[in-house]
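Written out below as structure tokens is the structure these notes cover.
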Amino acid sequence: MGLQNKDKYNYSKGYEVAESHWRNTYSRVGLDWHDKVTLDFGCNWGYLSLYQLENLGVAEAHGVDLTPHWEKMVEIWPNWDHDSIQNLHLHSGDLQKIGSLRDKTFDIITSTGTLMLLEHSHLEQTLLWFFDHLEPGGFAILRTRTFFSHIGGDLHNLTNVPLAHIIFPGHVIDKFATEKIAWRPRGQERLHSNGYPRYMNPMTASSYAMLSRRVGFELVELVRHDSHIGKEEYSRFDDKLWYFDERDLRTGEITLFLRKPEVKRNLSELEV
Amino acid sequence: MSKKSSNVDEAYLQTRSRWVSPKEKEKQEWGEQQAKKLWDGLYGRYSLKLEGSTVLDIGCSWGYLLKFIGEHFAPGKLIGTDVNPHWESSDHGWDYASEGEKFQFFASDLSEIDQIAEQSVDLILCTSVLQYMTPEKVEANVAKAYNLLKPGGEMILRTRVWTSYIGADLHRDITLPYAHLLYSERETAEVLKRKGKMTKYLNWLTANTYLIIFTRAGFEILDARRRMNNNAPKIMERVIEEYPWISPEELLCSELEVRLIRPFEPTLVEHNNSGSDEGVEEVIKDGFDEERSEFSCIVCETSSTDFEDLNGVPDRRCPECGSVERTRGVLSWLSSNINISGLEVFAVAPSGSATRFISELEPARFDRCDIRPLNGFEIQADISEMPEVESDSYDFAMAIKVLEHCANDHQAISELRRILKPGGRLIVNGDVRGGTTTQEVDEPTSYYGKEAFEEYNIGTFRRYGLENLIELLSEFFEVKTYEVEDPPTGYKGFLIECLKNIG
């Protein structure tokens, strides 16, 4: 799922991925997207937002990403002019600091493959921002890798050993990566070490559920996606894995279907 | 989703009336009882070697556990840390100062203490404090604990987890157990505010997340036990109904007790289930899949998927900086092994991309030398005879694909040695092949052309065999050989690091 680097700025490939996201994730909850105002968090060049406008009849589609990938698209596709696409609004920067979104509210917020890259407090603040900027009754549909993903930290670029980021401590991975492979990682993706892997927060399916509830969402559904690791691999590294809850351990990705309550809840039960 | 009646179990309500108040916890009697309970119920479970050991208690309160250990065992040193200096209060009646230097206390978060030497602690204890830290602070404290422990040292801890029936410390002010799992933080804060109470911060970490944090810090987990909620079964049922997607093992965990060890040899030895020692390198590199790799140029971070074909070799040249495989391999080694910043550097005929890379590392001086008058190069000289370059004047020199093009390589190496300071280093790389001897080239004009050969006496004079080149360099330096590589092209080459001895 998601675009590999060389496909990133390819219009048809982006459309393909958006359609796959729709089919596999966003269509599941049976929402009416027509005339809605949407936000895609970690939107890359905006392919999902564009798909929503062209195929789902949304009224306004917003996308936000730290890096303005849509500007890179212009270099490759001179006819790509996102500014001229009506009702498509793409914003770059830290979500909390984008002035144009400060007072904006949305009916549906989506996110694919981004939340796992956020540090703890930033993750909590982001989910709180989603909650505060959703209309009452609005939905957040969030798909993210968990720490137990077989490609946690993107180590699949270095090794076929699954869960290498759990089986070996971070400084061992770093030492191996820098000595044997001796490559810098791309961009500013490492927050905690000087080598691989890319930072991933240590969240599991269960802790995402807890955090979502903590910030105020109703948890409508939590879909667990298998880690794609065979039983024999788990057995092979059993001495490093036995203490984890098995259900979370075998969940490499989740989709959270969250709803902001329509009305303020009765808290009398807590007053006692 | 349905909500059952909030009829709280009677047994739970009776339990609440027996809770100890925070004020009572400051007293000696409570502390001594608590220390014994903790020892019998948790720490004493393990056969710990305490005699002569340095023991640290994170979140030690007034030090009751350390006092207990000091009275019952013969530890060498006892260290307590807590963000509040409870030991300074007189309520507990213990004069720790009268024990001399055996006890030491720090009123600080552990992660911010510099006065404790790394790898100086044998045992770290931690009872029910991690839940009060932000997740970032948990990670920082666990990482600090790892660093303070000697290899083989242990950390034993108990922590509440978010799924505890008192996961948010609301139990004294809100009757409903598991309130934080049934309502949001803002909702419970609103109710507390109406009651004139503050919301205490507790993190949302679950048992699995704590375990991930411990392993990520480098610890091995020797023992991990989940203590399960057994309070208020009626409300527990509501929680289970609210979270049908979470397994009971995780959802109903109240506390986690873990015994961790800092491994003896974390960088080398990992064992697999077959019981054999399998080095990390062997386990990881077996799985390397070049087809799925995606790297960036070490000079300019252009993705390797954008590299251009060059001279029939696919994905060879970086379109942005012009680097090719040899340069990238060498510079990758350089970035991991030499700190160029502040050094005086001499480079023989460096490529444009190597120039860019070195310059960005901010050397104190960077002189590029070629025998031809190249634009921008600082020195034009024949490196086999360059009296204009002072002796003992550079910290570091590079001769990448150079020596094979020097008519008199022996003299060139001697000169490169001369201009290096004692302790300085030279790196050499080129068309060097293992398992063969150095071969002289019949037609030396093949690389630089006839004109360059006639005017400057440069060409391709030989192709080095690795052993012969090492032997040659060893006449002047202490040498060490490395393999460098460039994954996008599959290039592998040798790099020889040469050290000019001091004295």
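The values are calculated or read from the model by the stated rules, or taken from the named source; none is laboratory data. Bear in mind the structure is a predicted one, so any value in this text is a computation, not a measurement. A quick note on method: Cβ atoms are made from the backbone with ideal geometry, for glycine too, and the neighbour counts reach across all protein chains shown. The protein model used for the area step is the full one, side chains on, heavy atoms only, and it has no ligands, DNA or RNA in it. Shrake-Rupley method; radii C 1.70, N 1.55, O 1.52, S 1.80 Å.
Excluding A:LYS231 itself, what net charge comes from residues whose Cβ is under 12 Å from its Cβ, given Lys and Arg +1 and Asp and Glu -1?
Surrounding charge for A:LYS231 is -3.
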Using alpha-carbon positions, the gyration tensor of chain A gives root eigenvalues a ≥ b ≥ c; with a/c under 1.5 called rounded, otherwise prolate if a/b exceeds b/c, else oblate, the class is oblate
For B:LYS195, list the lysines whose Cα falls under 20 Å from its own Cα; do not include residues on the same chain fewer than 8 positions away. A:LYS264
When the dipole is taken about the Cα centre of segment B:353-392, and only Lys, Arg (+1) and Asp, Glu (-1) are charged at their Cβ, what size is it in debye, to the nearest 20? 260
Given H placed 1.01 Å from N in the peptide plane, which residues other than close sequence neighbours of B:ASP315 have an amide H under 5 Å from its amide H? B:ASP309, B:LEU310
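I'd like the carbon and sulfur percentage of the solvent accessible area for the protein assembly as shown, probe radius 1.4 Å, heavy atoms only, ligands and nucleic acids excluded.
On the way: 15210 of 33400 Å².
Within the protein assembly as shown, the accessible surface is 46 percent carbon and sulfur.
To the nearest 20 Debye, how big is the dipole of chain A about its Cα centre, given +1 on the beta carbon of each Lys and Arg and -1 on that of each Asp and Glu? Write down the numbers at each step before the final one.
Working: 30 positive and 38 negative charges, 127 e Å.
In total the dipole reaches around 620 debye.
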Compute the helix-to-body angle for B:28-41: its Cα long axis versus the longest principal axis of chain B, expressed 0 to 90° and rounded to tens. 60
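Find out how many positive minus negative residues lie around A:ASP35, taking Lys and Arg as positive, Asp and Glu as negative, among other residues whose Cβ is under 13 Å from that of A:ASP35.
Values: positive: A:LYS36; negative: A:ASP32, A:GLU60, A:ASP107, A:GLU135.
Spelling it out: positives minus negatives among the neighbours equals -3.
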Would you mind checking which residues have amide H under 5 Å from A:LEU90's amide H? H placed 1.01 Å from N; only 5 or more apart, or other chain. A:GLY63
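Taking 0.36 nm per residue of separation and subtracting the Cα-Cα distance, what length does fully extending A:SER100 through A:SER12 add? All intermediate terms of the calculation are to be shown ahead of the outcome.
On the way: separation 88, 0.36 × 88 = 31.68 nm, distance 2.93 nm.
Residue separation times 0.36 nm, minus the Cα-Cα distance, leaves 28.7 nm.
Quantify how strongly other chains surround peptide B:178-190 by giving the mean number of their Cβ atoms within 10 Å of each of its Cβ atoms. Before the final figure, lay out the partial values.
Numbers: counts 0, 3, 3, 4, 4, 7, 11, 6, 5, 6, 3, 0, 3.
Mean shielding count: 4.
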Once accessible area is computed for A alone, B alone and the pair with a 1.4 Å probe, the total buried surface, to the nearest 100 Å², works out to 7500
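For segment B:372-416, which GluC sites (Glu not before Pro) pass both filters: DSSP loop (anything but H, G, I, E, B) and at most 14 other C-beta atoms within 10 Å? All intermediate terms of the calculation are to be shown ahead of the outcome.
Working: sites: B:GLU378, B:GLU385, B:GLU388, B:GLU390, B:GLU404, B:GLU415; in loops: B:GLU378, B:GLU388, B:GLU390.
Answer in residue order: B:GLU378, B:GLU388, B:GLU390.
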Quote the charge dipole size of chain B about the Cα centre in Debye, to the nearest 20; the model charges only the Cβ of Lys and Arg (+1) and of Asp and Glu (-1). 3140
Can you tell me the 0 to 90 degree angle between the C-alpha axis of helix B:233-242 and the longest principal axis of chain B, rounded to 10? 40
I'd like to check one number: the per residue accessible area of segment B:197-242, probe 1.4 Å, reported in Å² as a whole number. 39
Cα-Cα pairs in chain B separated by more than 33 Å, as a whole percent of all pairs, come to 59
Whole-Hz ³J(HN,Hα) for each residue in segment B:93-103, computed from phi via Karplus 6.51 cos²θ - 1.76 cosθ + 1.60 with θ = phi - 60°, x for glycine and proline: what do you get? x, 10, 9, 5, 5, 6, 7, x, 8, 5, 10
Just to make sure I understand: if all protein chains stay in place, what is the order of B:MET228, A:MET200 by accessible area at 1.4 Å, largest first? B:MET228, A:MET200
Relative to chain B, whose Cα atoms define the longest principal axis, helix B:409-419 and its Cα axis are tilted in degrees, nearest 10, by 50
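Mind checking B:467-475 for the average number of partner chain beta-carbons within 10 Å of each residue's beta-carbon? If you can, show how the numbers build up before the last one.
Details: counts 0, 0, 0, 0, 0, 0, 0, 0, 0.
If you average over the peptide's residues, the count of other-chain Cβ atoms is 0.
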Label-point gap, in nm, between A:GLU271 and B:ARG463 - each point 7 angstrom along Cα→Cβ: 9.0
What list of ³J(HN,Hα) values in whole Hz, one per residue of segment B:391-396 in order, does the Karplus curve 6.51 cos²θ - 1.76 cosθ + 1.60 (θ = phi - 60°) give from phi, with Gly and Pro shown as x? 6, 6, 10, 10, 7, 8
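Would you mind classifying segment B:431-488 by shape? Square roots of the alpha carbon gyration tensor eigenvalues, ordered a ≥ b ≥ c; an a/c under 1.5 is rounded, otherwise it is prolate if a/b is larger than b/c and oblate if not. Write down the numbers at each step before the final one.
On the way: a/c = 2.15, a/b = 1.62, b/c = 1.33.
It comes out prolate by the Cα gyration axes.
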How are the alpha carbon pair distances in segment B:54-104 distributed across 5 Å bins from zero to the largest one, expressed in percent? 5, 22, 35, 27, 9, 1
So which lysines can B:LYS421 reach, going by Cα to Cα under 18 Å and dropping same-chain residues fewer than 8 places off? B:LYS500
In what sequence, highest mean first, do B:335-346, A:130-141 appear when ranked by Cβ atoms within 10 angstrom? A:130-141, B:335-346
Per the Kirkwood treatment, what hydrodynamic radius in Å, one decimal, follows for the protein assembly as shown from the mean inverse distance over all distinct Cα pairs? 30.3
To the nearest whole number, what is the average tally of beta carbon atoms from other chains within 10 Å of the beta carbons of peptide A:211-220? 5
5 angstrom amide H check on A:MET203, placed H, neighbours 5+ away: A:PHE147
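Do the alpha carbons of any pairs in B:LYS23/B:LYS200; B:LYS37/B:LYS234; B:LYS25/B:LYS137; B:LYS25/B:LYS234; A:LYS260/B:LYS200 sit beyond 21 Å of each other, and which pairs?
Values: B:LYS23/B:LYS200 17 Å; B:LYS37/B:LYS234 29 Å; B:LYS25/B:LYS137 25 Å; B:LYS25/B:LYS234 30 Å; A:LYS260/B:LYS200 24 Å.
Result: B:LYS37/B:LYS234; B:LYS25/B:LYS137; B:LYS25/B:LYS234; A:LYS260/B:LYS200 exceed 21 Å.
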